[in-house]
Amino acid sequence: MTETLTSGEARLQAQAAPEGEIAAATHTLVIGPYLARSAHGAGHGPAEPTRSVEARLDEATGLAAAIELDVVESLAISLPRIRPSTYLGKGRVEEIAGLIRAREISLVVMDCALSPVQQRNLEKAWGAKVIDRTGLILEIFGRRASTREGTLQVEHAHLAYQKSRLVRSWTHLERQRGGFGFLGGPGETQIEADRRMIQERMTRIERDLDAVVRTRGLHRQSRARVPYPIVALVGYTNAGKSSLFNALTRAEVTAKDMLFATLDPTARATKLPHGETVILSDTVGFISDLPTPLIAAFRATLEDAIEADVLLHVRDVSHVDSEAQAEDVGAVLRELGIETSADRIIEVWNKADLLDDDERTRLLNLSGQAKTRNDRDSAAPVLVSALTGEGLAALSARIEARIGRNRASFAVALPPEDGAALNWLYENAEILDRRAEADGTLHLAVRIAPEKEPRFLNRFAAARRLGRGG
């Protein structure tokens with residue numbers, strides 16, 4: 001059966017194809033210039049995160065691969081200190097220049113934040129385009145954003161980045177996309193183009209974004225009137241959030257083994273084991289050294305996370321730097337005003353299928369799943385595999401318990417002929433337990449949301465309060 005593409009999908013496909021072709025032909029060198037550990041605290045720059053050099057370089061290479069660049073080589077460089085003019089020492093710059101010529105490299109990705117002067121000097125020394133980590137992440141976001149809000153936010157962040165430098169063209173405005181601003185451009189003559197024009201474009205985008213944010217606010221208000229609890233997934237990029245989202249909702253959100261496969265927020269309604277409907281929201285992945293303009297630009301897309309009743313912090317426990325990644329996620333959450341020790345956060349240890357038997361057993365014991373399920377609202381993490389389905393039932397039960405901890409539970413007895421009352425309970429309450437007597441009388445234990453409790457008590461005046469949480 002032939003699928004019909006929407007006009008938006010067709011446009012994105014048409015734009016993505018040439019960008020992919022350009023990227024595939026762009027010989028790229030990825031450099032990880034990391035401060036030596038002995039330089040930490042010596043006043044030469046910020047301390048490095050608690051992650052291995054190999055993992056950091058792999059991540060930078062993965063970012064380049066995420067937009068299909070042809071990475072011909074990657075190398076880590078230990079720096080005693082950062083040079084103001086070129087970031088790297090003079091000898092290193094000359095050595096890399098020889099490598100660039102020998103390998104016919106046309107683009108160098110520096111896994112660090114370069115000043116405009118450092119970027120310009122390196123380009124002159126190497127005769128190749130140079131982008132830093134911020135620029136690369138902006139390019140990825142420019143390629144992937146597909147909703148109007150996402151596209152506007154990327155363009156605004158990209159313009160702010162370019163405006164601060166005046167070393168890049170802004171011809172991507174004509175294409176209404178942020179992607180691959182570094183792969184072409186008219187050169188230094190247009191680089192000196194009018195700052196005012198860029199600022200005017202940014203102002204127009206801000207007005208458009210205000211309108212989009214207002215629309216999202218109206219959508220949230222309409223959801224609040226339903227109302228359903230919001231469960232938001234957050235976590236490091238490529239931790240498996242979208243795969244988990246699909247497994248819990250049976251949706252088909254893009255889920256790839258790729259950094260930043262998901263940029264635009266997606267929400268779906270799903271039911272928990274006892275019948276409670278919740279809105280599950282998938283969000284953009286976090287990453288270390290996330291560009292500050294993008295934190296501000298994507299704040300609106302993370303509003304579901306900010307306002308969520310429950311946050312699922314999804315971690316890839318098979319990753320060598322899982323702990324460091326968790327610290328990075330915590331830092332971004334705190335920047336958004338979300339306290340990481342908050343009651344509403346459930347830590348989800350994903351990708352259990354990639355663990356060896358010993359590590360899997362160790363993590364199961366740490367999570368408490370191998371011992372008992374008596375404390376379903378434990379603060380311990382939940383070990384799952386979005387791929388195989390392992391642990392998903394325990395996770396759903398934990399979400400349900402967390403949402404229900406402040407809800408009242410009641411015992412209700414119904415005569416067998418009162419089908420209308422039974423139907424009302426199934427539509428408006430969580431059925432925790434149900435048993436029938438020989439004469440057909442039904443005895444139910446139900447849990448009810450606070451906003452529905454008055455209607456419940458009005459209808460079931462003889463209901464017996466059991467307590468809270470259930």
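Each reported figure results from applying straightforward, stated rules to the coordinates on display, with no laboratory input. In this text, all values refer to a predicted model and were calculated from it rather than measured experimentally. Using ideal geometry, Cβ is built from the backbone for each residue, glycine included, and neighbour counts are taken over all protein chains shown.
So, in nm, how far is label ARG334 from label ASP210 when the simple model puts each one 7 Å beyond its Cα toward the Cβ? Here the answer is 3.3 nm between the modelled labels.
This ranking places THR237, THR151, THR340, THR134 by how few other beta-carbon atoms lie within 10 Å of each, fewest first, which gives THR340, THR134, THR151, THR237. Fully extending the segment from ARG405 to ARG103 would add 102.6 nm, taking 0.36 nm per residue of separation and subtracting the current Cα-Cα distance.
Which links in LYS271/LYS351; LYS90/LYS129; LYS129/LYS163; LYS129/LYS241; LYS129/LYS351 stretch past 26 Å when you go from one Cα to the other?
On the way: LYS271/LYS351 23 Å; LYS90/LYS129 18 Å; LYS129/LYS163 18 Å; LYS129/LYS241 34 Å; LYS129/LYS351 37 Å.
Beyond 26 Å: LYS129/LYS241; LYS129/LYS351.
Note on TYR87, TYR426: ascending count of other Cβ atoms within 10 Å places them as TYR426, TYR87, the fewest first. Taking other C-beta atoms within 10 angstrom as a stand-in for reagent exposure, GLU206, GLU430 fall in the order GLU206, GLU430, fewest first.
On full extension, the segment bounded by LEU466 and ARG435 gains 9.5 nm, given 0.36 nm per residue less the C-alpha separation. If you wrap segment 408-468 in the convex hull of its Cα atoms and look at it from every side, the mean projected area works out to 3.8 nm².
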